[in-house]
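Presented below is the structure to which this report refers.
The values are calculated or read from the model by the stated rules, or taken from the named source; none is laboratory data. Given the structure is predicted, the values throughout are model-derived calculations rather than measurements. We place every Cβ from the backbone using ideal geometry, glycine too, and count neighbours over all the protein chains shown. Heads up: the accessible areas ignore ligands, DNA and RNA and are worked out on the full protein's heavy atoms, side chains in. Shrake-Rupley method; radii C 1.70, N 1.55, O 1.52, S 1.80 Å.
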Amino acid sequence: MQLEPSDWIAISGGIIALLALGLTLWEAHLIRHHNRLSVRPVLTFSLNIDHTSEIHDFVGVRLNNKGLGPAFIRRILFYSDDKQIGEIGLHTSVPLLTQVGLVGPQFRIYQFHSFDVLQPDKSLLLLFLRRDHATPDNIKRLDEVIATMTAAVLYESAYGEAFALGLVGPNASLTPKVRAMFRASTKEMKSMFA
């Protein structure tokens, strides 16, 4: 069977159409990936223990969003040794402060509500002293707590991708549960949000 020139033209047109379809699907995949990256939050911790600094009006830990998209904060957990000692927001956070030895109205902790949003280039004070209460004794107590504490922030992007950020003090022990949290997949992390 001999193919006519019109058959070759039809076959060539079909191959070109399939290649165009494949290229379109690949480009759609790349655009979707780019869109996810363009709204990805990147959370970081910053510590300020220098009470003499004129730049800050607090002494303590700040949570910052350095990414391009909002961070939907789901849980903030605190660990000491091998046990969870607190979780901001679901219950009162005062027991957490007293449990770690930060007693008194001068010590503050962020009052988190489930589904709080941290916008890009914004930050929130997580665990802190106002500068007018930053006496050497209070700063020493806060510094000791931060040095032995592990904190984990579980958050999502606008596309529902789950992330975890950890703050591990230099004298803290990283628990197996927290290690597993940072290695977890998006699906496994979403189960931790509940």
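LYS140: accessible area at probe 1.4 Å, nearest 10 Å²?
120
Once you list every other residue whose beta carbon is under 11 Å from the beta carbon of LEU68, what net charge do they have if Lys and Arg are +1 and Asp and Glu are -1?
+2
Per 0.36 nm of contour for each residue apart, how much would the distance between GLU27 and PHE45 grow if the chain were fully extended, relative to their Cα-Cα spacing?
Full extension of this stretch gives 2.9 nm more.
Heavy atoms of the protein only, probe of 1.4 Å, neighbouring chains included. What is the accessible area of ASP121 in Å², nearest 10?
130
Using a 1.4 angstrom probe on the protein heavy atoms only, line up TYR110, TYR159, TYR79 by accessible area, largest first.
Final ranking, largest accessible area leading: TYR159, TYR110, TYR79.
Ordering LEU30, LEU77 by accessible area with a probe of 1.4 Å, largest first, what comes out?
Listed by decreasing accessible area, they come as LEU30, LEU77.
Given a 1.4 Å probe and the protein chains all in place, what does the accessible area of ARG141 round to, in Å² to the nearest 10?
Its heavy atoms expose roughly 80 Å² to the probe.
Considering only the other residues whose Cβ falls under 14 Å of the Cβ of HIS33, what net charge follows from Lys and Arg at +1 and Asp and Glu at -1?
Local net charge: +1.
Tell me, what is the FRET efficiency for GLN84 and THR148 to the nearest 0.05, using R0 = 22 angstrom and their Cβ-Cβ distance as r?
In this case the efficiency is close to 0.95.
Excluding PHE163 itself, calculate the net charge of residues whose Cβ lies under 9 Å from the Cβ of PHE163, where each Lys or Arg counts +1 and each Asp or Glu counts -1. Don't skip to the answer; put the middle values down first.
Details: positive: ARG40; negative: GLU156, GLU161.
Spelling it out: positives minus negatives among the neighbours equals -1.
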